[in-house]
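Down below is the structure, laid out as structure tokens.
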Amino acid sequence: MMDFKIDRSNPVLLHDQVAAQIRRAIADGEAKPGERLPPARDLAAIMHVNANTVLRALRTLRDEGLLEIRQGRGIRVTGSPERGVVTERVRDLVAFARNQGYRPDELVAIIQGIT
């Protein structure tokens, strides 16, 4: 997980680039479920970004179910890349449905009607 590539000329937000790099490390097996990641401050130094940028990326990955962040216990990989991909697609679907005028409860009803 040492070869992070953050491109400041890329229009993708820095925290999204950081999240993508960590997500890729998990997908490539460089960071396996159960393993601990370096502290956010260390990751920030490795990637040459602000620690708040890394923290924002880590929260995103936590919300995707890929990481567990515990005060005093560090950051641990908890999910698989597949779960992260599913979560990302669900977020896209929710955003698309919202743009089409659907509320989250209506989207849930549609999904339940399909299954």
Problem set entry | Pairwise label distance in nanometres, residue 115 with residue 27, each label 7 Å out on the Cα-Cβ vector | 2.4
Seminar exercise, completed: Ranked by GNM mean-square fluctuation in the chain (Cα springs under 10 Å), the top entry among 75, 26, 46 is 46
Exercise. Which whole-Hz couplings ³J(HN,Hα) result when phi for each residue of region 37-50 is put into the Karplus expression 6.51 cos²θ - 1.76 cosθ + 1.60, θ = phi - 60°, listed in order with x for Gly and Pro?
Worked result: 8, x, x, 3, 4, 5, 4, 4, 5, 5, 8, 6, 10, 5
Exercise. Anyone know which of 76, 36, 91 comes out most mobile in the 10 Å Cα GNM of the chain?
Worked result: 91
Exercise. Where does helix 51-63 land angle-wise versus the long Cα axis of the chain, in degrees 0 to 90, nearest 10?
Worked result: 40
Exercise. Whose amide H sits under 5 Å from the amide H of residue 35, counting only residues 5 or more places off or on another chain, with H placed in the peptide plane?
Worked result: 77
Exercise. Say we join alpha carbon atoms closer than 10 Å with springs in a Gaussian network model of the chain; which of 79, 34, 101 then has the biggest fluctuation?
Worked result: 101
Exercise. With labels modelled as points extended 7 Å from the Cα through the Cβ direction, what inter-label distance (nm, one decimal) is found for residue 52 paired with residue 10?
Worked result: 2.2
Problem set entry | Viscosity 1.002 mPa s, temperature 20 °C, Stokes-Einstein D of the chain from Kirkwood C-alpha radius, µm²/s | 140
For this session: Would you work out which of 21, 6, 37 lies farthest towards the positive end of the dipole of the chain, given +1 charges on the beta-carbon of Lys and Arg and -1 on that of Asp and Glu, about the Cα centre?
Result: 37
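Just so you know, all these numbers are worked out from the coordinates, no wet-lab data involved. Keep in mind that what you see is a predicted model, and the values were worked out from it rather than measured. Positions of Cβ are backbone-derived with ideal geometry, glycine not excepted, and every protein chain shown enters the neighbour counts.
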